[in-house]
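Data first, discussion second: the structure below is written as structure tokens.
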Amino acid sequence: MLPQRWRGRPVTIAAAVFLGLIVVALLFGSGFRSGTTAGLALFCAGSLGNLYDRVFAGGNVVDFLSFHWGWLRTDIFNLADVAVVVGAALFLLNAAAGILRWAANGLGLGR
């Protein structure tokens, strides 16, 4: 766990800078596969939601969901975190697929 002095402004600024770099790469980069683009876009959307909560809602999470259907109940979860996790998973799956394609072509298996 981070010390208390690192949880406020320094982490928020670092997250905003990192997010800005990803957005610039998405806007001006070329050659991204559609799955990579979708993954990074979801990651950015969720990160922007969390950044908004941290800056404008006093650090409180305001975009939460809880589903109830009869006796079945879900845990309360943050929609922004769902976008971050799904986006990161899409990005990593596409990166792994790209590495496998590269290895197959290097071994002459992709021809």
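Nothing in this text is a laboratory measurement; each read-out follows from the coordinates by a stated rule. Only a predicted model underlies this, so the values are computations on that prediction, with no experimental measurement involved. Note that each Cβ is placed from the backbone with ideal geometry, even for glycine, and that neighbours are counted across all protein chains shown.
Roughly what angle does helix 79-106 make with the longest principal axis of the chain, taking Cα atoms, 0 to 90 degrees, to the nearest 10?
10
If I build a Gaussian network model for the chain, linking alpha-carbon pairs within less than 10 angstrom, which residue out of ASN50, ASN60, ASN78 has the largest mean-square fluctuation?
Most flexible of the set in this elastic network: ASN60.
Quick one: angle between helix 34-56 and the longest Cα principal axis of the chain, in degrees between 0 and 90, rounded to 10, please.
20
Please determine, in degrees from 0 to 90 and to the nearest 10, the orientation of helix 9-28 with respect to the longest principal axis defined by the Cα atoms of the chain, where the helix direction is its Cα long axis.
Value to nearest ten degrees: 40.
Among all stretches of the chain without exposed chymotrypsin sites (Phe, Trp or Tyr not before Pro) (DSSP loop, at most 10 other Cβ atoms within 10 Å), which one is longest?
Between the exposed loop sites, the longest stretch runs 1-66.
Cut-off 10 angstrom, C-alpha nodes, Gaussian network model of the chain. Which of LEU48, LEU90, LEU21 fluctuates the most?
Of LEU48, LEU90, LEU21, the most mobile in the Gaussian network model is LEU21.
With each run of n ≥ 4 DSSP H residues scored as -39500 (n - 2.57), what mean residue ellipticity at 222 nm is computed for the chain after dividing by its residue count and rounding to the nearest 500 deg cm²/dmol? Mind dumping the intermediate values first?
Numbers: 3 runs with 71 residues, N = 111.
My calculation for the chain gives -22500 deg cm²/dmol from helical runs alone.
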